[in-house]
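Here is the structure we will look at, set down as structure tokens.
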Amino acid sequence: MNYPPTSREVQETVDIVQRWGKVNFRDFPWRHPRRRWHGLIAEILLQRTRAENVIPVYRAFLTSFPTLKRYAEASVEEIEQIIWPLGLRWRAPLLAALGRRLYERGRVPKSIEELTSLPGVGPYVAAAWLSFHGGGRGVLIDANVVRWICRMIGRKYDGETRRKKWLIELADRLTPEENVKQFNYAVLDFTMTICIPGEPRCETCPVGPRLCTYGREKFQASASQPEV
Ligand code: SF4
């Protein structure tokens, strides 16, 4: 698709990703948490880490702190002991402060502004929590989403692209008003298994060369190769 894509192209892409997501949903323990704050812990632990590595740490965290009160009482050292396998000890003070703030408030807030005022909660974690656990509409923008969008419209990207106005607007257009939770889970799973870093799996991609510039160029390049 060209930039800016037509409304029809956007809708078609959303429909395709949602259909793909229903069939390819990846089940993780934090996708059906017993408490809303469990989901917030998971989103913080998942930052810059592999989901598979987070599973035992997430379980250990909830076992050690079965209630919000107990979590609020946790020391930085206790939290460090749990999250060290992820190599993210520097997050322990933030997680300890977050427990105290959540206990004071009694619940996880439901606006992006309030969420991002919590210790350790940035725009991505806030948007993810809101759409997955808060019943709201959060627009996910991380390195995976940037890569996917830029490939579709045939633009180069770098570490700064996620802050560009055009990228933020397009991510917003691609995020539906309804079924945001399902759509965002589908985008996470799609960008981790099909439109992956390095060499994307365009051959098995449901978006394909008609809607994706990168996919079309890859298809044309392979079609022009002489047969051996
Ligand atoms: S066709 Fe390839 S580059 Fe385009 S969205 Fe699919 S996997 Fe990503």
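The values are calculated or read from the model by the stated rules, or taken from the named source; none is laboratory data. Everything numeric here is computed off the predicted structure, so don't read it as measured data. No Cβ is skipped: glycine too gets one built from the backbone with ideal geometry, and neighbour counts run over all protein chains shown.
Any residue at all in the range 135-156 that's of a type in the set (S, T, N, Q) and in contact with a Lys or Arg (Cβ under 8 Å, 6 or more places away or on another chain)? No, every residue in the range 135-156 fails to be of a type in the set (S, T, N, Q) and in contact with a Lys or Arg (Cβ under 8 Å, 6 or more places away or on another chain). Contact map, the range 1-25: first residue at pLDDT 95 or above, second residue assigned to a helix (DSSP H, G or I) and among the small types (Gly, Ala, Ser), Cβ cut-off under 8 Å, separation 6 or more or different chains; pairs are Val17/Ala186; Gln18/Ala186; Trp20/Ala186; Gly21/Ala186; Lys22/Ala186; Asn24/Ala186; Phe25/Ala186. Listed by position, the helices (runs of 4 or more DSSP H) contained in the range 62-131 that have at least 2 residues being over 29 Å from Arg163 (Cα atoms) are 68-72, 76-83, 92-105. Residue count for the range 31-61 satisfying the condition of being assigned to a helix (DSSP H, G or I) and touching a helix residue (DSSP H, G or I) at 6+ places or on another chain (Cβ under 8 Å): 21. It is to be established whether one or more residues within the range 113-123 are within 30 Å of Lys218 (Cβ to Cβ) and either touching an Asp or Glu at 6+ places or on another chain (Cβ under 8 Å) or modelled with pLDDT of 95 or more (or both). The answer is no; no qualifying residue exists.
Check whether at least one residue in the range 159-167 is buried (at least 16 other Cβ atoms within 10 Å of the Cβ) and touching a residue at least 40 places away in the same chain (Cβ under 8 Å), and report yes or no. Among the residues of the range 159-167, not one is buried (at least 16 other Cβ atoms within 10 Å of the Cβ) and touching a residue at least 40 places away in the same chain (Cβ under 8 Å), which makes the answer no.
Looking only at residues of the range 148-167 that are in contact with a Cys (Cβ under 7 Å, 6 or more places away or on another chain) and part of a helix (DSSP H, G or I), we find that the one that is farthest from the ligand (Cβ to nearest atom) is Thr161.
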